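Down below is the structure, laid out as structure tokens.
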Amino acid sequence: MIAEGTKHRSPVFSVWFGKPVVLVVRVRQCYLPMRCSIVGESVADVRVRIQPGWEMKVRKELILTVEEDAVAVDSQVH
């Protein structure tokens with residue numbers, strides 16, 4: 001069953017796929033920065049890669065912000 005309103009929802013996080021980002025995630029009353037890259041998205045979750053071989057799903061409602069990881073971008077070889 002598809003809830004009304006969700007079948008037309010476009011992926012919000014797809015513009016960040018494969019890029020190094022910092023997610024600010026709310027866990028209870030704490031706000032935690034998480035360095036990762038976004039590798040997938042579903043209606044309710046975002047799949048992130050913390051490091052090679054280690055991926056996890058994060059509920060979208062827990063994600064407060066997404067920012068480009070400036071440290072990772074600066075450390076790349078040009």
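All of the numbers you see were taken from the coordinates with simple rules; none came from a lab. The structure presented is a predicted model; accordingly, all values stated were derived computationally and were not measured. Because the Cβ atoms are built from the backbone with ideal geometry, glycine has one as well, and the counts that use them run over all protein chains shown.
Take the Cα of LEU64, go 7 Å toward its beta carbon, and the backbone nitrogen atoms of the stretch 28-47 under 19 Å from that spot belong to 28-36, 46. Sequence-ordered 3J(HN,Hα) estimates for the stretch 62-70 from the Karplus curve with 6.51, -1.76 and 1.60 and θ = phi - 60° stand at 8, 8, 8, 9, 10, 9, 5, 7, 4 Hz, glycine and proline given as x. Under 5 Å from the amide H of ASP69 lie the amide H atoms of VAL21, VAL22, each residue being 5 or more positions distant or on a separate chain, with H modelled from the backbone and absent for Pro and chain starts.
What is the sum of charges around VAL22, taking Lys and Arg as +1, Asp and Glu as -1, for the other residues whose C-beta is under 9 Å from the C-beta of VAL22? Local charge sum for VAL22: -2.
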